[in-house]
1. Only one of these is modelled with pLDDT of 90 or more and more than 11 Å from every other protein chain (Cβ to nearest Cβ): B:40, B:89. Name it.
2. Find the residue count for the stretch A:94-144, including only residues that are in a helix (DSSP H, G or I) and either more than 21 Å from residue A:173 (Cβ to Cβ) or over 12 Å from the mean Cα position of the chain (by Cα) (or both).
3. Mind counting the residues in the stretch B:93-110 that are closer than 18 Å to residue B:29 by Cα, without any contact (Cβ under 8 Å) to a residue 60 or more places away in the chain and surrounded by 12 or more Cβ atoms within 10 Å (Cβ to Cβ)?
4. Being within 20 Å of residue A:29 (Cα to Cα), part of a loop (DSSP other than H, G, I, E, B), touching a helix residue (DSSP H, G or I) at 6+ places or on another chain (Cβ under 9 Å) and within 14 Å of chain B (Cβ to nearest Cβ), is that true of even one residue in the stretch A:69-77?
5. For the stretch B:22-35, check the following and say yes or no: at least one residue is in a strand (DSSP E or B) and either closer than 21 Å to residue A:82 by Cβ or modelled with pLDDT of 90 or more (or both).
6. For the stretch B:66-76, check the following and say yes or no: at least one residue is in contact (Cβ under 8 Å) with a residue 40 or more places away in the chain, under 12 Å from the mean Cα position of the chain (by Cα) and more than 8 Å from chain A (Cβ to nearest Cβ).
7. Report, ordered by the first and then the second residue, all pairs with beta carbons closer than 7 Å, sequence separation of six or more or different chains, a first member in the stretch A:135-153 that is in contact (Cβ under 8 Å) with a residue 40 or more places away in the chain, and a second member that is not in a helix (DSSP H, G or I).
8. Which ones in the stretch B:43-53 are more than 7 Å from chain A (Cβ to nearest Cβ) and free of Cβ contacts under 8 Å to residues at least 12 places away in the same chain?
């Protein structure tokens, strides 16, 4: 007859296995660094060369997105698990397009929002989007999202280099979690029977 | 109405519904992990379950023989990689086993 104490121990073991699988989840480090570089160049441009910042954000985004798709494809090959449903592309691409549409529509409909303010609104929306990304994909975005919202609101009150500071905060928010990402395991030869 | 002594003599409810194949914790752990993903490769399962290659291979073979899991072999960087997936039969068996475990926990009245 099965020992209930043994069952308890087995269930405890399975619970540990599942929680270890969650804790050991790796991040696509190259993608985080790519977007960190993007914001680290884009936001300081608003302080140092405001004429080019809009152009940089608009032209740089599709380039970074294509690079992201390529890097994500390579990253997935190194992962030992294949998810049942992967909606990350829909989330990030759809979300980014929605943000672009919202910002453009608000800028066109509300003249008072043009210039500095629309940039702040965009950062707040991006913050909300990152928070949702934290709910669905990466827990580190749970604090980066609200932090971006606060920074987006505060940047209007900073007289000098506020956008540069925001770019640094944003980039650090992307880079710091990658420093705590588990390293990819070496692909070892299998010795399964047969 | 049943007397308390009856339930003691019969043991906790659900024990007889447990799947003998899934009473091994390595096999149960592998099935639970596979239920949450489409596919998991051998090395990842081995690392997560902290089993040796030989032991995990033997346990997975038993699950394969029972048609609880399916396996697909691929080559990655010229190294063989086995991708395991839970079959419909395996998913049903796992659900029945977990239901039985739940019944046992409930009958324990802890």
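The values are calculated or read from the model by the stated rules, or taken from the named source; none is laboratory data. Worth saying up front: this structure is predicted, and the values here are computed from it rather than measured. Ideal geometry is used to build each Cβ from the backbone, glycine not excepted, and the neighbour counts take in all protein chains shown.
1. B:89
2. So the first thing to find is which residues in the stretch A:94-144 are in a helix (DSSP H, G or I), and the list is A:94-109, A:111-113, A:116-136, A:141-144.
Retained after the next criterion (residues that are either more than 21 Å from residue A:173 (Cβ to Cβ) or over 12 Å from the mean Cα position of the chain (by Cα) (or both)): A:94, A:97-109, A:111-113, A:116-125.
Residues that pass the stated criteria total 27.
3. Summing the residues that are closer than 18 Å to residue B:29 by Cα, without any contact (Cβ under 8 Å) to a residue 60 or more places away in the chain and surrounded by 12 or more Cβ atoms within 10 Å (Cβ to Cβ) in the stretch B:93-110 gives 1.
4. Of all residues in the stretch A:69-77, those within 20 Å of residue A:29 (Cα to Cα) come to A:69-77.
Adding the requirement that they be part of a loop (DSSP other than H, G, I, E, B) leaves none.
Looking through the stretch A:69-77, none of the residues is within 20 Å of residue A:29 (Cα to Cα), part of a loop (DSSP other than H, G, I, E, B), touching a helix residue (DSSP H, G or I) at 6+ places or on another chain (Cβ under 9 Å) and within 14 Å of chain B (Cβ to nearest Cβ).
5. Scanning the stretch B:22-35 turns up no residue that is in a strand (DSSP E or B) and either closer than 21 Å to residue A:82 by Cβ or modelled with pLDDT of 90 or more (or both).
6. Checking the stretch B:66-76: at least one residue is in contact (Cβ under 8 Å) with a residue 40 or more places away in the chain, under 12 Å from the mean Cα position of the chain (by Cα) and more than 8 Å from chain A (Cβ to nearest Cβ).
7. What qualifies is A:138/A:27.
8. Here is the first cut: in the stretch B:43-53, the residues more than 7 Å from chain A (Cβ to nearest Cβ) are B:45-46, B:50-52.
Passing the criteria: B:46, B:50, B:52.
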